[in-house]
Amino acid sequence: MTVIAVAVFVVAYVLIATEWTHKLLAALGGAAVLFALGVTDTDHAFYSHDTGVDWNVIFLLLGMMIIVGVLRRTGVFEYIAIWAAKRAKGSPLRVMILLTLITAVASAFLDNVTTVLLIAPVTLLVCDRLGINPVPFLIAEVMASNIGGAATLIGDPPNIIIASRSGLTFNDFLIHMTPLVVIQLIVFTLVLPRLFKGSFAVDPDKVQNVLRLNEREAIQDTRLLLKCGVVLLAVFAGFIGHALFHIEPAVVALLGAGLLVLISKVPTKDYMSSVEWQTLLFFAGLFVMVGALVKTGVIGDLADRVGDATGGRPLLAVMLILVVSAILSGIVDNIPYVATMSPVVLELTKGVSDPAHAHALWWALAAGADFGGNATAVGASANVVVIGIALRAGNPISFWEFTRKGVVMTAITILVAAPYLWLRYFVLT
């Protein structure tokens, strides 16, 4: 069964990477083969937290997609698009920097998937107004969301898993991860002009047309915008306090979506048309395939080998976890990877006497998984969501177009994270 699970995953991944077939067909086809051959079953695929579909992710996305669909009718996205373009004086590079920083900060206090769902429509509108290709901007924003989301406990789903296993608090993440993220964002901003070289040419006439626009005229329904604002504030408060209230973020998103649909009275077709059904089904297929790898022990064996290779040396363990996490999170979605790796890190910490060194193991896992999610188009949930939005907007992002940029950015962020972890936990303590 192990060989079959690996073979099906590899074939499906190759099909996704080469785009020989649609990624949805590859993911669902791979899942179907695993069911047909008995490698997984409905109990493991649909009802198991460790080896099945992560329904929290699926329903979180569904709820936020519906909220965004209603919010789109207010004209607020057009407002932000015009505001951003005017503040940047029509310069595509300044627009990219502004939108990526907004994305990164928002991802720290919401979660990165919710943030890209909100910011991607804005980006498409800005680029349409300026007459430039939105693809580099969308890729830059999703990278910023994965970097910014690493700053807090709620910013990226892997951080929530790490916190539940380690007992680390919201404040622990602020103290230990936020400084690293600030450094990463400074480096990221400096790298952007070279990483997306050739993407900033713009027609001066279109710039002048944008600068003459009045963003306030874009708001189409003030009352609906007020209702959306109240619901979004309640949803965001639910995200921040979900641990206190013992309510999953997915439930918060679905309750918010239901409430907004009820009080807004928007026609069903208007908000349901914003749901990225292909993205949701792709996630389901991917979760089934990765779950089969977990069920057959493949991911667990890989994680155990990392533990065995460290030989009780904390610094080596930190660096190995950082690098391996970055690599594997780029290949396998970082959520199931962290769910599998966190018990191994927990065991490693038990053999470390220095608390600073023990905590460094957790921060290495968080940094490697969060930043490694940028490596490929399927490395993190936010990546898949943005690619789905771009496809529907008629601006498809290929697997390799994303990955060529992602691998470079992941390498840079890991090279920045390694000395940070070494200096902070092994030199300055």
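The values are calculated or read from the model by the stated rules, or taken from the named source; none is laboratory data. Remember, predicted model here, so these are calculated numbers, not experimental data. Don't worry about glycine lacking a Cβ; one is built from the backbone with ideal geometry, like all the others, and counts go over all protein chains shown. Quick note on the areas: whole protein, heavy atoms, side chains included, nothing else; ligands and nucleic acids left out. Shrake-Rupley method; radii C 1.70, N 1.55, O 1.52, S 1.80 Å.
Filter the stretch 13-53 down to the residues that are farther than 23 Å from Tyr337 by Cβ, outside any helix (DSSP H, G or I) and more than 22 Å from the chain's Cα centre (by Cα) and list them by number.
Within the stretch 13-53, Trp20, Thr21, Leu37, Gly38 meet the criteria.
Is there a residue being among the hydrophobic types (A, V, I, L, M, F, W, C), more than 29 Å from Pro396 (Cβ to Cβ) and open to solvent by less than 10 Å² (accessible area, probe 1.4 Å) anywhere in the stretch 169-176?
Kept after step one, since they are among the hydrophobic types (A, V, I, L, M, F, W, C), are these residues of the stretch 169-176: 170, 173-175.
Pick out the ones that are also more than 29 Å from Pro396 (Cβ to Cβ) and you get 170, 173-175.
Of the ones still in play, those that are also open to solvent by less than 10 Å² (accessible area, probe 1.4 Å) are 173.
Yes, that holds for at least one residue.
For Val352, only one of the following conditions fails: (1) of a type in the set (Val, Ile, Thr); (2) touching a residue at least 40 places away in the same chain (Cβ under 8 Å); (3) closer than 23 Å to Met177 by Cβ. What is its number?
It is condition (2) that Val352 fails.
How many of the residues in the stretch 130-164 are of a type in the set (Ser, Thr, Tyr) and open to solvent by less than 10 Å² (accessible area, probe 1.4 Å)?
Taking the stretch 130-164 and keeping what is of a type in the set (Ser, Thr, Tyr), we get 145, 152, 164.
If we keep only those that are open to solvent by less than 10 Å² (accessible area, probe 1.4 Å) too, we end up with 145, 152.
Within the stretch 130-164, residues that are of a type in the set (Ser, Thr, Tyr) and open to solvent by less than 10 Å² (accessible area, probe 1.4 Å) number 2.
Can you list residue pairs whose Cβ atoms sit under 8 Å apart, with the first residue in the stretch 118-132 being among the charged types (D, E, K, R) and the second being assigned to a helix (DSSP H, G or I)? Count only pairs 6 or more apart in sequence or on different chains.
Between residues of the stretch 118-132 that are among the charged types (D, E, K, R) and residues that are assigned to a helix (DSSP H, G or I), the close pairs are Arg129/Ala81; Arg129/Ile82; Arg129/Ala85; Arg129/Lys206; Arg129/Asn209; Arg129/Val210.
Between Thr310, Thr268, which is over 18 Å from the mean Cα position of the chain (by Cα), hydroxyl-bearing (Ser, Thr, Tyr) and modelled with pLDDT of 85 or more?
Values: Thr310 fails: modelled with pLDDT of 85 or more.
Sole residue among the options that is over 18 Å from the mean Cα position of the chain (by Cα), hydroxyl-bearing (Ser, Thr, Tyr) and modelled with pLDDT of 85 or more: Thr268.
Filter the stretch 205-242 down to the residues that are without any contact (Cβ under 8 Å) to a residue 12 or more places away in the chain and charged (D, E, K, R), then identify the one that is farthest from Leu260 (Cα to Cα).
Ranking the candidates gives Asp205 first.
Residue under question is Lys206, and the condition is that it be modelled with pLDDT under 90, open to solvent by 90 Å² or more (accessible area, probe 1.4 Å) and part of a helix (DSSP H, G or I); does it hold?
Details: modelled with pLDDT under 90: yes; open to solvent by 90 Å² or more (accessible area, probe 1.4 Å): no; part of a helix (DSSP H, G or I): yes.
No; evaluated as a whole, the condition is false for this residue.
Only residues in the stretch 1-12 that are modelled with pLDDT of 85 or more count as the first member; pair them with residues that are open to solvent by 60 Å² or more (accessible area, probe 1.4 Å) and of a type outside the set (Gly, Ala, Ser), Cβ under 7 angstrom, at least 6 apart or cross-chain, and list the lot.
Between residues of the stretch 1-12 that are modelled with pLDDT of 85 or more and residues that are open to solvent by 60 Å² or more (accessible area, probe 1.4 Å) and of a type outside the set (Gly, Ala, Ser), the close pairs are Ile4/Leu37; Val8/Val33.
Can you tell me which of Val352, Val344 is part of a loop (DSSP other than H, G, I, E, B) and either touching a strand residue (DSSP E or B) at 6+ places or on another chain (Cβ under 9 Å) or not polar (S, T, N, Q) (or both)? Spell out how you get there, then give the answer.
Values: Val344 fails: part of a loop (DSSP other than H, G, I, E, B).
Result: Val352 is the single residue among Val352, Val344 that is part of a loop (DSSP other than H, G, I, E, B) and either touching a strand residue (DSSP E or B) at 6+ places or on another chain (Cβ under 9 Å) or not polar (S, T, N, Q) (or both).
Kindly provide the set of residues from the stretch 34-57 that are surrounded by 18 or more Cβ atoms within 10 Å (Cβ to Cβ) and modelled with pLDDT of 80 or more, ordered by number.
First pass over the stretch 34-57, keeping only residues surrounded by 18 or more Cβ atoms within 10 Å (Cβ to Cβ): 34, 39-40, 44-45, 51-54, 57.
Of everything in the stretch 34-57, those that are surrounded by 18 or more Cβ atoms within 10 Å (Cβ to Cβ) and modelled with pLDDT of 80 or more turn out to be Leu34, Val39, Thr40, His44, Ala45, Val53.
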